[in-house]
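Student: Structure incoming, see below.
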Ligand code: IPE
Ligand code: IPE
Ligand code: MG
């Protein structure tokens, strides 16, 4: 029997600050250790043949953190963009960024665009980095895009349905995440992919992000493989293959 593998995994990488605090170190040390865990997580997806990985790196709300921490995080982003992109490209990773890009400094925005352009044709792993991202903002932006079409007389409001709105949200060209992982022990979505997670399997661990390793990732996959995804149907219907298609 083939074990179902998620086509798309979305992760809230939480707990960097606490990881550092436990070691009586400044929070930025935790973010640095977190960046190493990102690399190992990407390696794992490539090795296991997971086609899409979306990582929550920085939320719209994270702009409210102390400026010292924001500065350190921006330096880390810039460093990671300078260091990692060429190697990811070599390995066939397509990189893209979702979120409010205009809030980043020009040097970061430029490198984001360069990384996207360079890797646009890659197919081994679709890596999406959510940076200055908020799920509500994502939905609001989709609504605004449709409203513009209506105002311009190009769209009948009655034609707006879930498919059309969904097509205007981030990552609409990818399958919705099958598996959501949150490290760090909190049981919440924190304004991550609100629309896209509608039928995603949720998996939480107490482990802090810098300690998230491939064994734990495998544990999440094993748990995922044991879940029954019913999409509103009964177990018997699912067993008899009655569902017409997997929605979303
Ligand atoms: C997640 O770790 C990384 C970012 C939000 C940028 P945190 O920095 O939230 O770590 P904790 O939750 O304070 O431990
Ligand atoms: C969520 O973590 C955002 C990222 C991991 C980038 P937070 O640490 O910001 O979430 P809350 O504040 O605990 O909900
Ligand atoms: Mg946190």
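Student: Hey, can you tell me all the residues within segment 102-124 that are surrounded by 14 or more Cβ atoms within 10 Å (Cβ to Cβ) and either more than 18 Å from residue 58 (Cα to Cα) or touching a strand residue (DSSP E or B) at 6+ places or on another chain (Cβ under 7 Å) (or both)?
Tutor: Of everything in segment 102-124, those that are surrounded by 14 or more Cβ atoms within 10 Å (Cβ to Cβ) and either more than 18 Å from residue 58 (Cα to Cα) or touching a strand residue (DSSP E or B) at 6+ places or on another chain (Cβ under 7 Å) (or both) turn out to be 104, 112, 115, 116, 118, 119, 122, 124.
Student: Of the residues that sit in segment 1-35 and are closer than 21 Å to residue 199 by Cβ and modelled with pLDDT of 95 or more, which one is nearest to ligand 1 (Cβ to nearest atom)?
Tutor: 12
Student: Surrounded by fewer than 17 Cβ atoms within 10 Å (Cβ to Cβ) and either touching a strand residue (DSSP E or B) at 6+ places or on another chain (Cβ under 7 Å) or closer than 20 Å to residue 7 by Cα (or both), is that true of residue 214?
Tutor: Taking the combined requirement at face value, the residue satisfies it.
Student: Just need a number here: residues in segment 160-197 that are more than 16 Å from ligand 3 (Cβ to nearest atom) and loosely packed, with under 11 Cβ neighbours inside 10 Å.
Tutor: Qualifying residue count, segment 160-197: 3.
Student: Could you check, for segment 225-233, whether at least one of its residues is surrounded by 13 or more Cβ atoms within 10 Å (Cβ to Cβ), within 16 Å of ligand 1 (Cβ to nearest atom) and touching a residue at least 40 places away in the same chain (Cβ under 8 Å)?
Tutor: No - not one qualifying residue is present in segment 225-233.
Student: Another question, then. Would it be correct to say that residue 47 is surrounded by 14 or more Cβ atoms within 10 Å (Cβ to Cβ), within 18 Å of residue 128 (Cα to Cα), more than 14 Å from ligand 3 (Cβ to nearest atom) and modelled with pLDDT of 95 or more?
Tutor: no
Residues are listed down the side, and each one gets a yes or a no for (1) part of a loop (DSSP other than H, G, I, E, B); (2) more than 12 Å from ligand 2 (Cβ to nearest atom); (3) without any contact (Cβ under 8 Å) to a residue 12 or more places away in the chain:
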site: 3; (1), (2), (3): yes, yes, no
site: 9; (1), (2), (3): no, yes, no
site: 18; (1), (2), (3): no, no, no
site: 33; (1), (2), (3): no, yes, no
site: 41; (1), (2), (3): no, yes, no
site: 44; (1), (2), (3): no, yes, no
site: 58; (1), (2), (3): no, no, no
site: 80; (1), (2), (3): no, yes, no
site: 85; (1), (2), (3): no, yes, no
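Student: Are any residues in segment 218-240 out of contact with any strand residue (DSSP E or B) (no Cβ under 8 Å at 6 or more places or on another chain) and closer than 30 Å to residue 40 by Cα, and if so, which ones?
Tutor: Hits for segment 218-240 are 218, 219, 222, 225, 226, 228.
The values are calculated or read from the model by the stated rules, or taken from the named source; none is laboratory data. Worth saying up front: this structure is predicted, and the values here are computed from it rather than measured. As a convention, Cβ positions derive from the backbone with ideal geometry for all residues, glycine included, and neighbour counts pool all protein chains shown.
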